[in-house]
Amino acid sequence: MLVPAWLGWDHLVTAQSASESFYLAFVVALHVATAIALLVYFRSDWARIIRGFLRTLRTRRLETPDERMAWLLIVATIPVGLTGLAFEHALRTLFAKPLAAAIFLTLNGVVLYVGERVRRRAAVRKLVAEHATASSEGETGRRLDKLDFKEAGVIGVAQVGALFAGISRSGITMVAGLTRGLDHEDAARFSFLLATPVIFAAGIYKVPDLLGPLGNGVRGQAIVGSVFAGLAAYASVRFLMRFFETRTLMPFAIYCVAFGAASIVRFR
């Protein structure tokens, strides 16, 4: 939303909030490429998770971390799936505009900052103490497979915020994980794993639009854009998983507030 607005591509800005949007189908195609990149990067995790899920259908029990992870991801996906089906169109036509996106991006930066501060509060330290493990770099946090299903639901509810243009899906779900005591690396891992089924579901729902009249004239662009989006996503995730072994969300909070504020001034 903001990049086309800053570059003066007004036809794309207008198309994003239209009732029937070729640009939305194009953007979803880019997101599907991102999901494929996530699937490739976390392929060993997903192989274990899928095997674990299939075992639970046979045994009706959760006995391993992979089996538990499969159902944590399912629980966390339900809120945004239901909300997206019910309200995606209304939220997009109302809020997919440059000024609204700029405001939400600024709020996103505030959420990232507050999340980092809350991570250090006594309540979270208590959760960490109860379920603590220490990483090789020294950060202490709960083990990811120690999350309960209610907490996975809370992270899933946080993901609903990503339906507003300007709110980072990965950022807001990472903050939700941090406030439950996860370290940054595990919060990022759960966030990226959680993104994969949601983005694929959005692709199944919207990408077929590219095959109809809305795709006329943009199918080739969608293919090219998807290739670059997939490559960029893979490189980014590889970098971020290493980054969050020792770093925090603070640089992203500063970036979101700065760019969001500048965009508010530009588009008010």
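Taking the criterion of being modelled with pLDDT under 65 and either in a loop (DSSP other than H, G, I, E, B) or under 23 Å from the mean Cα position of the chain (by Cα) (or both), the residues of the stretch 97-140 that qualify are Val124, His131, Ser135, Ser136, Glu137, Gly138, Glu139. Going through the stretch 22-57 one residue at a time, which ones are modelled with pLDDT under 95 and over 22 Å from the mean Cα position of the chain (by Cα)? Passing the criteria: only Phe22. Among residues of the stretch 84-96 that are open to solvent by 70 Å² or more (accessible area, probe 1.4 Å), those with a Cβ under 9 angstrom from a residue that is outside any helix (DSSP H, G or I), sequence gap 6+ or separate chain, pair up as His89/Ser19; Leu94/Ser17.
The residues in the stretch 59-76 that are in a helix (DSSP H, G or I) and open to solvent by 30 Å² or more (accessible area, probe 1.4 Å) can be counted, and the count is 7. If we keep just the residues of the stretch 156-200 that are more than 11 Å from the chain's Cα centre (by Cα) and within 17 Å of Gly81 (Cβ to Cβ), which is surrounded by the most Cβ atoms within 10 Å (Cβ to Cβ)? Result: Ala176. The condition of being free of Cβ contacts under 8 Å to residues at least 60 places away in the same chain, polar (S, T, N, Q) and touching a Leu at 6+ places or on another chain (Cβ under 7 Å) holds for only one of Thr64, Thr56, that being Thr56. Can you find a residue in the stretch 16-23 that is farther than 21 Å from Phe228 by Cα and free of Cβ contacts under 8 Å to residues at least 12 places away in the same chain? No, that holds for no residue.
The residue that is nearest to Ala201 (Cα to Cα), among those in the stretch 71-94 that are of a type in the set (A, V, I, L, M, F, W, C) and touching a Leu at 6+ places or on another chain (Cβ under 9 Å), is Val80.
Does Ala29 count as touching a Ser or Thr at 6+ places or on another chain (Cβ under 6 Å) and within 26 Å of Leu211 (Cβ to Cβ)? Considered against the rule, which asks whether it is touching a Ser or Thr at 6+ places or on another chain (Cβ under 6 Å) and within 26 Å of Leu211 (Cβ to Cβ), Ala29 comes out as yes. Of the residues making up the stretch 17-31, none is in a helix (DSSP H, G or I), among the β-branched types (Val, Ile, Thr) and touching a Phe, Trp or Tyr at 6+ places or on another chain (Cβ under 6 Å).
The values are calculated or read from the model by the stated rules, or taken from the named source; none is laboratory data. As the structure is a computational prediction, the values presented were derived from the model and not from experiment. Virtual Cβ from ideal backbone geometry, glycine too; neighbours counted across all protein chains shown. Protein only, heavy atoms only, side chains kept; ligands, DNA and RNA dropped before computing areas. Shrake-Rupley method; radii C 1.70, N 1.55, O 1.52, S 1.80 Å.
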